[in-house]
Amino acid sequence: MARFLLASVPIAGHTNPLKPIARALVDAGHVVDWYTGRDFRDGVVATGATHLPMHAELERQAAKFSHDHPEREALTGLAGIRWDLKHLFLDPVVQQVADLRELTGRLRPDAVIADMGFVGASALHELTGIAWISVGISPLPIPSRDTAPFGSALSPSATTLGRLRNRLLYSLMDNVVLRDVGNHWQQLRASIALPPTDVPPFATISPLLHLQNGVAEFEYPRSDLPPQVRFVGSLADDPSAPFAAPAWWGEVTSRARPVVHVTQGTVANENLDDLVGRTMRVLSEDEVFVVVTTGGPDPSVLGELPGNARAARFVPHSELLPFTDVMVTNGGYGGVQKALSLGVPLVVAGATEDKPEVAARVAYAGAGLRLRSAAPGDDTLRTAIRRVLREPSFRRGAQRLRDAYARIDTRAELVRLIEGSVRQTR
């Protein structure tokens with residue numbers, strides 16, 4: 001039996017992918033403690049792990065992600081991304097390190113397992129040498145000679161000219177676009193007695209083991225992929241509570257009409273007309289059945305629905321997606337992983353966080369279409385959905401990925417890899 005300390009940024013997209021890891025380790029007989037926000041306590045406890053409440057200041061900083069912080073609310077595009085990187089993910093590092101020092105000193109875990117956004121875990125590893133396992137909860141963001149910088153959403157290229165392009169873009173990203181983020185990171189490192197580094201904080205993975213959410217077939221090919229990167233299949237978390245089917249559920253399961261599922265996830269859903277309302281509108285005359293999930297807001301905010309649409313706050317993807325012909329999404333990584341693991345093709349329209357990178361990989365894999373806007377035009381959106389419904393190549397692309405996911409026993413692979421890494425450190 002070993003003991004593990006999990007740590008995650010208190011945001012759903014960073015915490016939920018660690019639930020299958022915690023559950024697998026607990027079921028294998030290990031002791032799991034989990035340091036994250038109080039809002040996630042019930043979900044943590046449901047995995048069998050012990051919840052360790054996060055420092056209140058870290059939770060307050062994470063709350064800025066909801067864009068309710070006055071300084072952040074006024075920022076869009078690249079300025080907003082830079083602000084998030086500095087103040088949401090980097091500023092907490094000093095407190096994260098202090099808290100992890102206390103917890104690891106008291107609990108004596110065999111390893112710390114943390115999502116890549118929890119930068120304090122990598123800093124603690126540098127400071128103390130403690131075993132640390134990183135978890136990728138987005139498309140793989142680490143640099144490669146064969147890919148453009150993460151955030152550019154450009155296709156990979158391993159040709160001579162392509163690699164030259166990549167080098168130039170990395171230089172531009174580090175020295176111009178994200179220069180102030182890099183300077184901020186160096187200052188924070190100095191404040192906790194760490195030396196300067198050339199490695200960007202969000203491209204840092206464990207030298208021991210990196211658990212990457214997804215399959216290699218969904219990622220860009222890389223001739224220089226570090227050997228400790230291991231793809232573990234979908235880390236989508238399915239709710240343990242029984243599914244209470246809505247009154248209209250029979251219209252889904254009957255398959256009388258093609259089912260189109262549309263969602264803006266649980267984060268970028270302030271304006272549901274960007275994608276949800278627009279999808280209902282452009283398909284209102286089509287012979288399809290549209291299932292909307294709002295990701296939190298009351299469905300009444302959508303107003304009167306077209307006759308071929310139904311809405312709910314939430315429907316488990318494990319229940320809905322087996323009956324879905326196409327999923328329209330803003331590109332949340334967890335939802336896309338779940339859809340592809342079930343062979344569902346996608347139309348992806350996302351412009352914030354890592355969503356353009358998710359959309360680019362969906363298109364590269366031939367599993368759907370990428371729309372380069374969070375609020376695509378009506379004609380563009382309608383045409384894309386109809387194409388994915390009618391052209392079998394997209395479903396074939398999604399099914400190829402489904403088969404790749406099916407070849408991985410995620411739970412067994414997680415336990416095997418984590419236990420093996422701990423044995424290396426003893």
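Below are the figures for this structure:
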read-out	value
Selection within the range 12-55 - part of a loop (DSSP other than H, G, I, E, B), under 22 Å from residue 89 (Cβ atoms) and touching a strand residue (DSSP E or B) at 6+ places or on another chain (Cβ under 7 Å)	54
Residue, surrounded by the most Cβ atoms within 10 Å (Cβ to Cβ), within the range 1-11, restricted to residues that are in contact with a helix residue (DSSP H, G or I) (Cβ under 9 Å, 6 or more places away or on another chain) and assigned to a loop (DSSP other than H, G, I, E, B)	8
Pair list, Cβ under 8 Å, 6 or more apart: the range 308-321 residue within 17 Å of residue 260 (Cβ to Cβ) and assigned by TED's automatic domain parsing to the domain that holds residue 296, other residue among the acidic types (Asp, Glu) and surrounded by 15 or more Cβ atoms within 10 Å (Cβ to Cβ)	308/286; 310/251
Index of the failed condition, residue 155 passing every other in (1) buried (at least 19 other Cβ atoms within 10 Å of the Cβ); (2) in contact with a helix residue (DSSP H, G or I) (Cβ under 7 Å, 6 or more places away or on another chain)	(1)
Residue within the range 62-81 that is surrounded by fewer than 21 Cβ atoms within 10 Å (Cβ to Cβ), of a type outside the set (Lys, Arg) and modelled with pLDDT of 95 or more present	no
Identity of the residue in the range 378-426, of a type in the set (Val, Ile, Thr), over 28 Å from residue 278 (Cα atoms) and surrounded by 15 or more Cβ atoms within 10 Å (Cβ to Cβ), that ends up nearest to the chain's Cα centre (by Cα)	410
Some residue of the range 181-198 being under 19 Å from residue 135 (Cβ atoms) and either in the same structural domain as residue 81 (by TED's automatic domain parsing) or acidic (Asp, Glu) (or both)	no
Flag for residue 285 being in a helix (DSSP H, G or I) and over 27 Å from residue 88 (Cα atoms)	no
Flag if residue 90 is touching a His at 6+ places or on another chain (Cβ under 8 Å), of a type in the set (A, V, I, L, M) and at pLDDT 90 or above	yes
Answer residue from the range 80-119, given it is in a loop (DSSP other than H, G, I, E, B) and of a type in the set (Asp, Glu) and is nearest to residue 186 (Cα to Cα) among those	91
Residues of the range 195-228 satisfying the condition of being touching a Ser or Thr at 6+ places or on another chain (Cβ under 6 Å), surrounded by 12 or more Cβ atoms within 10 Å (Cβ to Cβ) and not hydroxyl-bearing (Ser, Thr, Tyr)	205, 208, 209, 210, 222
Matching entry among 247, 193 (being among the small types (Gly, Ala, Ser) and touching a residue at least 12 places away in the same chain (Cβ under 8 Å))	193
Some residue of the range 171-194 being in contact with a Lys or Arg (Cβ under 9 Å, 6 or more places away or on another chain), more than 30 Å from residue 104 (Cβ to Cβ), at pLDDT 95 or above and surrounded by 17 or more Cβ atoms within 10 Å (Cβ to Cβ)	no
Residues located in the range 204-229, provided they are part of a strand (DSSP E or B) and either closer than 22 Å to residue 155 by Cα or more than 19 Å from the chain's Cα centre (by Cα) (or both)	212, 214, 229
Any hit, the range 261-270, residues being over 23 Å from the mean Cα position of the chain (by Cα), at pLDDT 90 or above, within 24 Å of residue 381 (Cα to Cα) and among the β-branched types (Val, Ile, Thr)	no
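Rundown of residues vs (1) among the acidic types (Asp, Glu); (2) in a loop (DSSP other than H, G, I, E, B); (3) touching a His at 6+ places or on another chain (Cβ under 8 Å); (4) over 22 Å from residue 354 (Cβ atoms), yes/no style:
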| site | (1), (2), (3), (4) |
| --- | --- |
| 127 | no, no, no, yes |
| 130 | no, yes, no, yes |
| 135 | no, no, yes, no |
| 142 | no, yes, no, no |
| 150 | no, yes, no, no |
| 154 | no, yes, no, no |
| 168 | no, no, no, yes |
| 173 | no, no, no, no |
| 176 | no, no, no, no |
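The values are calculated or read from the model by the stated rules, or taken from the named source; none is laboratory data. None of these values were measured; they are calculated from a predicted model. FYI the Cβ positions are ideal-geometry reconstructions off the backbone, even for glycines, and counts take in every protein chain you see.
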